[in-house]
Structure formats: C-alpha cells, structure tokens
Amino acid sequence: MASDHYASENDEVDSLPSISSSILDEDDAQREWEESLEQLQLILSMVLIPFAGKYLGRKFAYYSWSRYMEWFHGVEVRWTSKKKFAAAGAVEAAATI
C-alpha cells in the first residue's frame with residue numbers, strides 16, 4: 001500500500017509542467033543567438049572589412065598616383081574603362097584574402 005502511494009505521488013509530479021525546461025529552452029535559444037552574433041562578427045572582422053580596406057586603399061593609391069603624375073610630371077593619366085578598372089581592383093583585392 002505504501003508503495004502505491006509513493007508511485008502515485010511520482011506520477012503527479014511527472015505530470016506537472018516543468019518550469020525549468022522552458023527556462024533551459026530560453027537559455028539554449030539565447031546561447032545560439034549569441035553564437036550567431038559571434039559568427040557574424042568574425043565574418044565582418046576577418047573577411048569583409050579587410051576586403052573593403054584593400055579595395056578602397058588601392059583606389060586611393062591609384063588616385064594619388066595619378067594626381068602626383070599630373071601635378072609634378074605633367075603626365076595625364078586616363079582610365080580607359082572605369083568598369084574594367086573597378087573590376088580589376090576588386091579581383092586584386094580578393095586575390096590574396
């Protein structure tokens with residue numbers, strides 16, 4: 001008889017909704033969200049920012065070089081195709097990343 005009473009108490013406790021499981025689910029979701037944010041930060045800091053820096057740095061270097069040549073040496077620098085020049089700059093910037 002005592003074992004039946006003990007078993008019925010366990011059944012009642014097992015049937016109650018578990019608050020701790022919903023808290024754990026929220027904690028897991030929060031942890032996954034934070035991991036996703038860390039991955040995005042890594043992508044930005046390891047890939048996108050260096051690529052943009054190299055691309056813009058090369059454009060500035062070519063611009064500065066052309067201005068130097070025009071001002072000090074009287075040589076006119078012309079880019080024959082701006083689209084090809086921009087595409088080549090992007091390819092060069094991406095080549096070593």
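The table below gives the values:
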| quantity | calculated |
| --- | --- |
| ³J(HN,Hα), Karplus 6.51/-1.76/1.60, whole Hz, each residue of the stretch 77-86, x for Gly, Pro | 9, 10, 9, 6, 9, 5, 5, 5, 5, 5 |
| Under the Debye formula (equal points on every Cα, no solvent term), log10 I(q)/I(0) of the stretch 27-71 at q = 0.13, 0.22, 0.29, 0.31 Å⁻¹ | -0.49, -0.75, -0.90, -0.95 |
| Computed over the stretch 20-95, the ratio Rg/Rh where both radii use C-alpha atoms and Rh is Kirkwood | 1.40 |
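Every number here is computed from the coordinates shown, using simple stated rules; none is lab data. Keep in mind the model is a prediction, meaning the values are calculated, not measured.
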